[in-house]
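Presented below is the structure to which this report refers.
Just so it is clear, none of the values below were taken in a lab; they were calculated from the coordinates. From a predicted model like this one, the values you see are computed outputs, not experimental measurements. Cβ placement follows ideal geometry from the backbone for every residue including glycine, while neighbour counts extend to all protein chains displayed.
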Amino acid sequence: MNELLQAVRDSLQTLGGIRARDVFVTPHPNYIPTGVKQPCIGIKDGKITRKELTAGMIEETLQVVCFPMTKVSGDGLTDEGGLLSLEKAIEEKLDQNLLDLPGMEYAWSPGSGESKMFYTDNKQWLNQKAITMEYTRERER
């Protein structure tokens with residue numbers, strides 16, 4: 001999972017309109033490291049499921065959840081550079097992107113959650129979504 005989180009982070013750090021240091025692996029959806037500015041993207045590990053295959057192989061499905069966040073200002077959801085634009089850019093960047101990881105066979109987003117608003121310790125209101133990505137790979141048992 002660790003290499004997958006790093007590969008997703010590295011891929012999203014190349015998105016236009018967002019600083020590379022504002023894309024980070026996070027322990028919690030609402031955690032924002034010091035020095036990070038909006039828009040930003042938190043990346044968190046998700047569920048892992050395994051299926052036993054023949055010949056000593058295992059199929060793993062690993063979920064990674066991306067949490068894009070933008071400031072609440074004007075129409076911060078749909079404005080150019082708003083939350084929904086960022087969601088679309090993330091899905092386009094990661095869909096079918098196997099991230100050059102060994103054994104990775106499948107990558108797609110089965111869906112995303114509704115937008116949510118939360119208040120930070122820095123006294124800011126932010127919009128946020130949860131975008132689930134699923135990656136499937138085969139490996140030896």
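When GluC sites (Glu not before Pro) are flagged only if DSSP places them in a loop and at most 12 other Cβ atoms lie within 10 Å, the longest unflagged stretch of the chain comes out as 1-79. Computed from backbone phi, the HN-Hα couplings of the range 41-58 come to 9, x, 10, 10, 5, x, 5, 10, 10, 10, 9, 6, 10, 7, 6, x, 10, 10 Hz, rounded to whole numbers (Karplus: 6.51 cos²θ - 1.76 cosθ + 1.60, θ = phi - 60°; Gly and Pro given as x). Taking other Cβ atoms within 10 Å as a rough exposure proxy, Asp100, Asp22 sort from fewest to most as Asp100, Asp22.
Starting from the Cα-Cα distance between Asn2 and Asp95, subtract it from 0.36 nm times their residue separation and give me the gain in nm to one decimal. Each step should come with its number before you reach the end.
Values: separation 93, 0.36 × 93 = 33.48 nm, distance 1.94 nm.
Here the segment from Asn2 to Asp95 would lengthen by 31.5 nm.
Of the residues Leu53, Leu4, Leu99, Leu86, the one with the fewest other Cβ atoms within 10 Å heads the list, and the complete ranking is Leu53, Leu99, Leu4, Leu86. Taken over the alpha carbons of the range 2-140 as equal point scatterers, the Debye sum produces base-10 log I(q)/I(0) values at 0.14, 0.16 Å⁻¹ of -0.63, -0.79. Would you mind checking the tilt of helix 83-94 against the longest principal axis of the Cα atoms of the chain, expressed as 0 to 90 degrees and rounded to 10? Taking the Cα atoms of the chain, the angle to 83-94 is about 20 degrees. Taken as Cα centroids, the range 33-70 and the range 78-126 sit 11 Å apart, rounded to the nearest whole angstrom. Each Cα pair under 8 Å and six or more residues apart adds its separation to the average, and for the range 2-140 the resulting relative contact order is 24 percent.
How far, in nm, would the chain grow between Met57 and Lys37 when pulled straight, counting 0.36 nm per residue and subtracting the alpha carbon separation? Walk me through the numbers before you get to the answer.
Working: separation 20, 0.36 × 20 = 7.20 nm, distance 4.30 nm.
Gain on stretching Met57 to Lys37: 2.9 nm.
Checking the cross-link pairs Lys93/Lys123; Lys44/Lys71; Lys47/Lys71 against a 24 Å limit on the alpha carbon distance flags Lys93/Lys123; Lys47/Lys71 as lying beyond it.
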